[in-house]
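As structure tokens, the structure follows; a few thoughts come after it.
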């Protein structure tokens with residue numbers, strides 16, 4: 001009887017643990033891949049806009065350089081001041097657009113990371129885990145018994161959830177078209 005009670009207490013105190021490779025989880029999460037692709041595209045669009053501004057400015061500089069020999073000193077000084085102002089405005093616009101894109105990207109990525117953390121937390125509760133550890137390049141987990149890595153399972157479930165949302169959106173759009 002004592003052995004049964006001891007065995008029962010041991011099994012009650014047994015803690016279920018696992019770990020997730022957080023780097024892999026975030027990198028291979030479909031929603032994160034989609035966001036990275038979206039921001040790569042937005043970045044390319046911003047670059048095209050800024051390149052256009054820079055080319056226009058360079059054309060103005062070329063025109064000035066071609067005409068400057070025949071200009072008075074006062075006219076050169078005035079034109080150069082105007083060109084410097086345009087150059088500063090272009091640089092400020094480049095910086096502003098870069099910062100805006102970075103802030104927007106950071107906000108979206110932060111929301112995805114929060115979503116993943118919340119999912120892992122819910123997964124742990126539903127599957128009676130005491131702990132689910134995160135592992136990454138800084139090696140917060142130096143050793144783990146084989147079979148405790150649940151990264152693939154979490155990743156599959158997260159990505160399946162994304163696919164379900166995509167299907168629901170498609171169905172909603174078809175209903176709206178009717």
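Structural remarks
- Residue 40 vs. criteria closer than 18 Å to residue 157 by Cα and out of contact with any strand residue (DSSP E or B) (no Cβ under 8 Å at 6 or more places or on another chain): no
- Residue match in the range 120-129 (condition: in a helix (DSSP H, G or I), within 20 Å of the chain's Cα centre (by Cα) and under 26 Å from residue 15 (Cβ atoms)): yes
- Condition met for residue 64 (under 15 Å from residue 20 (Cβ atoms), at pLDDT 90 or above and either touching a strand residue (DSSP E or B) at 6+ places or on another chain (Cβ under 6 Å) or part of a helix (DSSP H, G or I) (or both)): no
- Number of residues in the range 74-88 that are more than 42 Å from the chain's Cα centre (by Cα) and surrounded by fewer than 12 Cβ atoms within 10 Å (Cβ to Cβ) equals 2.
- Selection status of residue 27, in contact with a strand residue (DSSP E or B) (Cβ under 9 Å, 6 or more places away or on another chain), within 30 Å of residue 135 (Cβ to Cβ) and at pLDDT below 95: no
- Options 51, 34: the member that is modelled with pLDDT of 85 or more, in a helix (DSSP H, G or I) and over 23 Å from the mean Cα position of the chain (by Cα): 51
- Residues within the range 37-69 that are touching a helix residue (DSSP H, G or I) at 6+ places or on another chain (Cβ under 9 Å) and under 30 Å from residue 111 (Cβ atoms), tallied: 7
- Qualifying residue in the range 135-150 (condition: part of a helix (DSSP H, G or I) and either closer than 26 Å to residue 34 by Cα or at pLDDT 90 or above (or both)): no
The values are calculated or read from the model by the stated rules, or taken from the named source; none is laboratory data. Computed from a predicted model, the values in this text were never measured in an experiment. As a convention, Cβ positions derive from the backbone with ideal geometry for all residues, glycine included, and neighbour counts pool all protein chains shown.
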